[in-house]
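Pasting in a structure now, in structure tokens, and then I'll have a few things to ask.
The values are calculated or read from the model by the stated rules, or taken from the named source; none is laboratory data. Treat the numbers as computed from the prediction; the structure is a model and nothing was measured. As a convention, Cβ positions derive from the backbone with ideal geometry for all residues, glycine included, and neighbour counts pool all protein chains shown. For accessibility, only protein heavy atoms count, side chains too; no ligands or nucleic acids. Shrake-Rupley method; radii C 1.70, N 1.55, O 1.52, S 1.80 Å.
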Amino acid sequence: MAELYDVLILGGGAAGLMCALTAGQRGKRVLVIEHANRVGKKILMSGGGRCNFTNTGTGPANFISANPHYCKSALARYTPADFVDMVERHGIAYHEKELGQLFCDVSSKLIVKMLLDECADAGVRIETSCSVERVLHADGEAPFRLHTTRGAFAAKRLVVATGALSIPSMGATGFGYELARQFGHNVLPTRAGLVPLTLSGKHQERLADLSGVALPVTARCNGRSFSNQMLITHRGVSGPAILQISSYWQPGDELRLDLLPGQDAAAWLRAQQLERPAAELKTVLSDAMPRRFAQRLCELWLSNKPMKQYTPPELKQLAATLQDWALVASGTEGYRTAEVTLGGVDTDELSSSTMESRRVPGLHFVGEVVDVTGWLGGYNFQWAWASGHAAGIAV
């Protein structure tokens, strides 16, 4: 005989735990099934172990989806302030790093403990190291039936909070997409997001030995731009600006970088020519960016001579190159290092207020498995909290 619950939740990550504690607080009998040996693995590793648990500036514009309006309802009904209230109630010290990003002062373990304590207080049962073998759907009071390595379970409601494909070493799989298809749902094409970009051929050879060099840039692609740090790696480029733009880049797309962000390069070069006529260009540029990078630019992309020898048209051309430098990326590091997965369960077939399937009553999808992907900086966690809460209120 299957054990009966009101709600079965597949996945003990951020969205699954939020859904569980919310439903449990409403008196529902909730079971969370997690195939890994512990819950919240992605929470634990995020933010360098400090967990960038939300962003105070979260809004629909910070998300990518085939339907940009879908996330509005859930985000409006469970805000960053709501999650911060819970964090403060549990006495967890936190700070704002930059651009609205909130991090734990001590450890991401405190966020996982908070969620587990809330689940325990709400009577939620959590089974780890529990693999799902079959998911069945039939008529009756408890139409969803799960056969697992820990036995059989049945419930009126099933919530899929299985995450997506990013960071398979943490246990990520495509199980949620398989389930969605099993129940007749469309799954939009997936790809790695918030991921380092790789270079190849001469592009990689020109920069590989500068691995570890970082500089501020504005990265532009497909009408989007992000200003932050770029880090050169052995295989390509990374850093916040590159991770952000990677979600909008696909192979063959043009990627341009402003290497003097926030400055009028032409005016700056003219001023440098007047102030330091005898200084070489590489020396001048070394004041605005790392010396080794400035030297490489001059060797391979610009030129290098005393500032006084540059004519006005030459200075203009230098400025244009510095503010619109073409970087030819060949690919990404893939799901292995990607922080998120773009694409997923088609939102056209889900309710935006309850996350419930329009095809199968009682079936809900939350978190990263859904075609809603946030920017870098705590937005994906806020989507997990908001979508998990929306389903938790509805089940």
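Under a Cβ-Cβ cut-off of 14 Å, what is the net charge of the residues other than LEU116 that fall near it, where Lys and Arg count +1 and Asp and Glu count -1?
Net of charged neighbours comes to 0.
Something else: Could you let me know the centre-to-centre spacing of segment 362-395 and segment 72-109, using Cα atoms, in angstrom?
Computed from Cα coordinates, the inter-centre distance equals 15 Å.
Report the local net charge at GLU133: Lys and Arg +1, Asp and Glu -1, summed over other residues whose C-beta lies under 12 Å from its C-beta.
+3
Continuing with this model, one more query. With θ taken as phi - 60° and the coefficients 6.51, -1.76 and 1.60, list the Karplus ³J(HN,Hα) couplings across segment 210-220 in order, rounded to whole Hz; mark glycine and proline as x.
Values, residue by residue: 9, 3, x, 6, 10, 7, x, 9, 10, 9, 10 Hz.
OK, next. Provide the FRET efficiency to the nearest 0.05 for the ASP209-ALA61 pair, computing r from the beta carbons and using R0 = 30 Å.
Step by step, r from the Cβ atoms, then E = 0.20.
If you don't mind, there's one more thing I want to ask. Which pairs, out of LYS202/LYS282; LYS41/LYS202; LYS97/LYS282, put more than 28 Å between their alpha-carbon atoms?
LYS41/LYS202; LYS97/LYS282
Mind checking which of GLN101, PRO290, ALA241 is farthest towards the positive end of the chain's charge dipole, using Cβ charges of +1 (Lys, Arg) and -1 (Asp, Glu) about the Cα centre?
Of GLN101, PRO290, ALA241, it is PRO290.
Still on this structure, please answer the following. Once you mark the GluC sites (Glu not before Pro) that are in a DSSP loop and have at most 15 other Cβ atoms within 10 Å, what is the longest gap between them in the chain?
255-395
A follow-up question, please. So for the chain: antiparallel DSSP bridges make up what percent, rounded to the nearest 5?
Of all bridge pairs located within the chain, approximately 70 percent are antiparallel.
Ignoring ligands, DNA and RNA, what percent of the accessible area of the chain is carbon or sulfur (1.4 Å)?
50 percent
Apply 1/(1 + (r/R0)^6) to the Cβ-Cβ distance of LEU300 and ALA267, taking R0 = 35 Å, and write down the FRET efficiency to the nearest 0.05.
E(calc), rounded to 0.05, equals 0.90.
Okay, moving on. How much length is gained if the chain between MET1 and ASN222 is pulled fully straight, taking 0.36 nm per residue apart and subtracting their Cα-Cα distance, in nm to one decimal?
Between MET1 and ASN222, full extension yields 74.1 nm more.
Evaluate E = 1/(1 + (r/R0)^6) for ALA81 and GLN229, where r is the Cβ-Cβ distance and R0 equals 35 Å; express this FRET efficiency to the nearest 0.05.
So the FRET efficiency works out to roughly 0.80.
How about segment 1-99: which trypsin sites (Lys or Arg not before Pro) there are in a DSSP loop, with at most 11 other Cβ atoms within 10 Å of their Cβ?
Of the trypsin sites (Lys or Arg not before Pro), not one in the loops of segment 1-99 has a Cβ with at most 11 other Cβ atoms within 10 Å.
OK, next. To the nearest 20 debye, what charge dipole does the chain have about its Cα centre, counting +1 at the Cβ of each Lys and Arg and -1 at the Cβ of each Asp and Glu?
Taking the Cα centre of the chain as origin, the dipole is about 500 debye.
Which net charge results for the neighbourhood of GLY377, defined as the other residues with beta-carbon distances under 14 angstrom from its beta-carbon, given Lys and Arg at +1 and Asp and Glu at -1?
-1
Mean-square fluctuation check for the chain, GNM, Cα pairs under 10 Å: which of VAL369, VAL135, VAL159 is largest?
Most flexible of the set in this elastic network: VAL135.
Moving on to the next point. Can you give me the accessible area per residue for the chain, using a 1.4 Å probe, in Å²?
I get 42 Å² per residue for this part.
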